[in-house]
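J.: Handing you a structure now.
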Amino acid sequence: MDTLFVMNPQNSFFSNEGRIYMGDKAEVLRVRLIDLFSRFNKEIIFFREVHATEDKFFTTDKTHSVANTPDSFIHKDFKKFGQTTIIKTRYNAFFGTVLEDILLKRNLNHIGIVGVETHTSVLFTAEELRNRGYEVTVIEPCVMSRDDYLHSSAITLMRHSLGVRITNE
């Protein structure tokens with residue numbers, strides 16, 4: 001992998017004061033991510049999901065990751081690992097961001113993805129990367145969703161429909 005994308009490593013999901021804190025799942029994932037980050041010797045790019053209160057796209061989840069609230073900031077345990085942070089306003093990390101320019105300028109071709117939520121940010125970013133011809137690997141123990149069924153469905157779609165490599169490391 002040329003780089004590692006980390007979807008939504010923020011207080012909303014990982015802080016026990018977060019609006020949609022994932023509980024035990026967050027604690028397990030936090031340990032796994034820190035271990036992975038500590039061993040990964042290439043660039044790690046964080047993607048913060050930030051919702052504007054008036055954004056009609058997030059009608060069902062508009063209570064979390066609201067702009068300029070502690071919920072939308074990178075969790076303190078992860079901050080030291082990210083070399084680049086991109087703010088995204090949609091599940092697809094390309095939408096309205098400079099991601100394409102970064103990938104082209106740095107000649108990044110094989111992207112690893114970890115983080116939350118598997119069925120939204122991970123899935124839609126992996127799909128767009130594949131549409132643009134990138135090789136994508138998702139490290140399954142390092143992705144999670146609040147909903148286990150949707151997590152499993154996203155893994156299946158990425159593996160069988162998108163040609164994403166699903167690995168245990």
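The values are calculated or read from the model by the stated rules, or taken from the named source; none is laboratory data. Here the structure is a predicted model, which is why all the values come from computation and not from measurement. Cβ: placed from backbone, ideal geometry, glycine included. Neighbour counts: every protein chain shown.
Quick grid of which residues meet (1) closer than 24 Å to residue 88 by Cα; (2) assigned to a strand (DSSP E or B); (3) among the hydroxyl-bearing types (Ser, Thr, Tyr); (4) without any contact (Cβ under 8 Å) to a residue 60 or more places away in the chain:
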| position | (1), (2), (3), (4) |
| --- | --- |
| 119 | yes, no, no, yes |
| 124 | yes, no, no, yes |
| 127 | yes, no, no, yes |
| 136 | yes, yes, no, yes |
| 139 | yes, yes, no, no |
| 151 | yes, no, no, yes |
| 155 | yes, no, no, yes |
| 158 | yes, no, no, yes |
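J.: Continuing with the same structure: Within the stretch 40-54, does at least one residue satisfy the condition of being modelled with pLDDT of 95 or more and among the polar types (S, T, N, Q)?
T.: Among the residues of the stretch 40-54, at least one is modelled with pLDDT of 95 or more and among the polar types (S, T, N, Q), which makes the answer yes.
J.: If you go through the stretch 74-93, how many residues are surrounded by 18 or more Cβ atoms within 10 Å (Cβ to Cβ) and either in a loop (DSSP other than H, G, I, E, B) or of a type in the set (Ser, Thr, Tyr) (or both)?
T.: Residues meeting the conditions: 8.
J.: Anything in the stretch 76-87 that is within 14 Å of residue 37 (Cα to Cα) and either aromatic (Phe, Trp, Tyr) or touching a residue at least 24 places away in the same chain (Cβ under 8 Å) (or both)? List them, or say none.
T.: Selection gives 77, 78, 81, 82, 83, 84.
J.: Condition check: free of Cβ contacts under 8 Å to residues at least 40 places away in the same chain, of a type outside the set (A, V, I, L, M), under 14 Å from residue 92 (Cα atoms) and out of contact with any helix residue (DSSP H, G or I) (no Cβ under 6 Å at 6 or more places or on another chain). Does residue 131 satisfy that?
T.: Yes: the conditions hold for residue 131.
J.: Would you call residue 169 closer than 20 Å to residue 9 by Cβ, assigned to a helix (DSSP H, G or I) and of a type outside the set (A, V, I, L, M)?
T.: no
J.: Could you go through the stretch 63-70 and let me know if any residue there is hydroxyl-bearing (Ser, Thr, Tyr), in contact with a Leu (Cβ under 9 Å, 6 or more places away or on another chain) and within 19 Å of residue 22 (Cβ to Cβ).
T.: no
J.: Just the residues that are modelled with pLDDT under 95 and among the hydroxyl-bearing types (Ser, Thr, Tyr), please, taken from the stretch 85-96.
T.: Of everything in the stretch 85-96, those that are modelled with pLDDT under 95 and among the hydroxyl-bearing types (Ser, Thr, Tyr) turn out to be 89, 91.
J.: Hey, another quick one. Test each condition in (1) part of a helix (DSSP H, G or I); (2) modelled with pLDDT of 95 or more; (3) β-branched (Val, Ile, Thr) for residue 113 and report the one that comes out false.
T.: Every listed condition holds for residue 113 apart from (1).
J.: What pairs come out if I take residues in the stretch 4-15 that are under 29 Å from residue 106 (Cα atoms) and pair them with residues that are polar (S, T, N, Q) whose C-beta lies under 7 Å away, six or more apart or interchain?
T.: 5/125; 7/121; 7/125; 8/121; 10/65; 10/72
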